[in-house]
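The values are calculated or read from the model by the stated rules, or taken from the named source; none is laboratory data. No experiment lies behind these values; they were computed from the predicted model shown. Heads up, the Cβs are rebuilt from the backbone with ideal geometry, glycines too, and the neighbour counts pull from every protein chain shown.
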Amino acid sequence: MLPLVLVAQVDETLKRYVKIGSLQSHYSAYGSERAWNNTYYEGLIWPADYLYQDNAVIKRSWMACKDFTDSDGYAWGHYGLYFVLSDAGNSLFPMELYQVAKFMPPTVYVDGVDVNSFYNAEIDSVNPDIESDRIIVNTVNTSMGLTMERRVYAFSQQYHDNYFIKVFTFTNTGNTDWDADIELNADLNDVVIGWGTRYSVSREAGILLDGQQKWGKNSWVTRRGENFSQNYHNPITEADPSPQWLRSVISWYGRSATVFQINNIGGPDYRGNGRLTAPHHAGTVVLHVDESWNNSANDINQPLFWGWHAGDTYPSMGNLSKSDESAMAQLHEMLSGMPHLGLGGAERPDEMAMGDP
């Protein structure tokens, strides 16, 4: 049983932090995350017991459709939007963000100070009957009338504390703003949704080596799941919990054009004791995608768009004015699997550098 929450507007800058397990991170009310906190790139911290283990840079999120008539009656050939903080109140309308805990953090005093009290405010309610140790619920209305709900499940058990399970539900509510009134009542056509995530892997390597891995310049990517369609009926068991046929993209610290003193894969601290400062492999696994709104069968042809390069080259939505419609058409193509300017395609990018010329 989840808490009774009255759905209403929440501040787009609101965040909730998962502070259990070896993987810890934050989630933002506007529906996606940018790791920059005006000092450093914060988030996806693993292993969280150690300093400078942040691995997040940005998660770019988009949705687009065709033949859309907005609440002002304007007919768009293509319509698209980008989940970015600055668009809150224009195309994004955060409705709720809360965290449910299975238990409260233990009270730990150090020199008379409860070191966990600061994070107790991150927990909105306690429910000992939930399966996971934390659930974060985030709901966002959009100017498309397509409401996104995402639920993030986190665990503290030692064999399950290095991943989050995220469940996204998109509903054509027709609600295009913060109030309860329904502005749209038509079906949506050719809806496409996608994400592009850039990882730093890791902040410590960025500090000790060329200074640029903090924003992911030297991240290389491996894509797996080539034979997913032949294996997706196979169960995932404790004996084989991470089969290579799962649809996934994995980022890791690759070669740099500016660090030439060493082979810098893994981020060795070559001016210190040689310890690898970037053994991290951060990525995304797609477990299930419904075939359609009325068919919950797992679509083996998804995702159409991996967004593995997650760079700064993508169609700009501007301020969502009529003059931006050509970019919205490009966005729809990109999310449909046509690489924008040839970037982020479906081929295996194991040997591709993400940032070096």
Quiz item: Out of all the residues in segment 310-335, which are assigned to a loop (DSSP other than H, G, I, E, B), in contact (Cβ under 8 Å) with a residue 40 or more places away in the chain and farther than 13 Å from Ser61 by Cα?
Solution: Asn319, Leu320
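Taking the residues in segment 88-132 that are in a loop (DSSP other than H, G, I, E, B) and hydroxyl-bearing (Ser, Thr, Tyr) as candidates, determine which candidate is surrounded by the most Cβ atoms within 10 Å (Cβ to Cβ).
In the first step, residues of segment 88-132 are kept if they are in a loop (DSSP other than H, G, I, E, B); the result is 89-91, 102-108, 111-112, 115-116, 121-124, 127-132.
Now restrict to residues that are hydroxyl-bearing (Ser, Thr, Tyr): 91, 107, 132.
Details: Ser91: 22, Thr107: 10, Ser132: 20.
Checked segment 88-132; the qualifying residue surrounded by the most Cβ atoms within 10 Å (Cβ to Cβ) is Ser91.
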Practice problem: Determine which single condition Asp190 fails, assuming it passes every other condition in (1) in contact with a helix residue (DSSP H, G or I) (Cβ under 7 Å, 6 or more places away or on another chain); (2) at positive phi; (3) not aliphatic (A, V, I, L, M). | Solution: (1)
Practice problem: Could you check how many residues of segment 32-42 are within 19 Å of Tyr163 (Cα to Cα) and in a loop (DSSP other than H, G, I, E, B)? | Solution: 4
Quiz item: Could you say which residue among Pro268, Pro279 is at pLDDT 90 or above and farther than 24 Å from Tyr163 by Cα?
Solution: Pro268
Quiz prompt | Tabulated pairs, segment 143-156, first touching a residue at least 60 places away in the same chain (Cβ under 8 Å) and β-branched (Val, Ile, Thr), second buried (at least 21 other Cβ atoms within 10 Å of the Cβ) and in a strand (DSSP E or B), C-beta under 8 angstrom, 6+ apart or interchain | solution = Val152/Val18; Val152/Tyr27; Val152/Arg134; Val152/Ile135; Val152/Ile136; Val152/Asn138
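Can you give me the number of residues within segment 43-62 that are farther than 25 Å from Ile193 by Cα and either part of a loop (DSSP other than H, G, I, E, B) or touching a Lys or Arg at 6+ places or on another chain (Cβ under 6 Å) (or both)? Lay out the reasoning, then the answer.
Of all residues in segment 43-62, those farther than 25 Å from Ile193 by Cα come to 45-54.
Applying the additional criterion that residues be either part of a loop (DSSP other than H, G, I, E, B) or touching a Lys or Arg at 6+ places or on another chain (Cβ under 6 Å) (or both) yields 46-54.
Summing the residues that are farther than 25 Å from Ile193 by Cα and either part of a loop (DSSP other than H, G, I, E, B) or touching a Lys or Arg at 6+ places or on another chain (Cβ under 6 Å) (or both) in segment 43-62 gives 9.
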Practice problem: Have a look at Phe164, Phe83, Phe168 and point out the one that is hydrophobic (A, V, I, L, M, F, W, C), under 23 Å from the mean Cα position of the chain (by Cα) and crowded, with 20+ Cβ neighbours inside 10 Å. | Solution: Phe83
Self-check item: Among (1) at pLDDT 95 or above; (2) under 17 Å from Val137 (Cβ atoms); (3) in a loop (DSSP other than H, G, I, E, B), the one test that Ile20 misses
Solution: (1)
Practice problem: Report the residue count in segment 182-213 for those that are over 18 Å from Tyr52 (Cβ atoms), of a type in the set (Asp, Glu) and in a loop (DSSP other than H, G, I, E, B). | Solution: 2
Practice problem: Run down Gly77, Gly73 and say which single residue is part of a strand (DSSP E or B), surrounded by fewer than 14 Cβ atoms within 10 Å (Cβ to Cβ) and of a type outside the set (Asp, Glu). | Solution: Gly77
Quiz prompt | Filter result for Met338 (assigned to a loop (DSSP other than H, G, I, E, B), modelled with pLDDT of 80 or more and aliphatic (A, V, I, L, M)) | solution = yes
Practice problem: Give me the pairs, please: first residue somewhere in segment 102-116 and over 19 Å from Arg134 (Cα atoms), second residue anywhere and at pLDDT 90 or above and among the aromatic types (Phe, Trp, Tyr), beta-carbon distance under 8 Å, and either six or more positions apart or on two chains. | Solution: Val115/Tyr109
Quiz item: Among the residues of segment 294-315 satisfying the criterion of being within 30 Å of Ser86 (Cβ to Cβ) and surrounded by fewer than 13 Cβ atoms within 10 Å (Cβ to Cβ), which is modelled with the lowest pLDDT?
Solution: Asp312
Exercise. Any chance you could count how many residues in segment 18-41 are over 30 Å from Met328 (Cβ atoms) and surrounded by fewer than 19 Cβ atoms within 10 Å (Cβ to Cβ)?
Key: 5
Exercise. State whether the residues of segment 253-265 include one that is within 24 Å of Gly342 (Cα to Cα), surrounded by fewer than 17 Cβ atoms within 10 Å (Cβ to Cβ) and within 24 Å of the chain's Cα centre (by Cα).
Key: no
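How many residues are β-branched (Val, Ile, Thr) and over 25 Å from Tyr30 (Cβ atoms) when one looks only at segment 131-158? Spell out how you get there, then give the answer.
First pass over segment 131-158, keeping only residues β-branched (Val, Ile, Thr): 135-137, 139-140, 142, 147, 152.
Within this subset, residues satisfying the condition of being over 25 Å from Tyr30 (Cβ atoms) are none.
Number satisfying all stated conditions: 0.
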Quiz item: What is the number of the single condition among (1) within 19 Å of Gly73 (Cα to Cα); (2) in contact with a Leu (Cβ under 7 Å, 6 or more places away or on another chain); (3) buried (at least 21 other Cβ atoms within 10 Å of the Cβ); (4) polar (S, T, N, Q) that Asn138 does not meet?
Solution: (1)
Self-check item: Filter result (within 29 Å of Leu304 (Cα to Cα) and aromatic (Phe, Trp, Tyr)) within segment 246-284
Solution: Trp252, Tyr253
Exercise. Select the strands (runs of 3 or more DSSP E) contained entirely in segment 217-286, then report the ones holding at least 3 residues which are free of Cβ contacts under 8 Å to residues at least 60 places away in the same chain.
Key: 247-253
Quiz prompt | Hey, Leu246 in contact with a Ser or Thr (Cβ under 6 Å, 6 or more places away or on another chain) and surrounded by 14 or more Cβ atoms within 10 Å (Cβ to Cβ) or not | solution = no
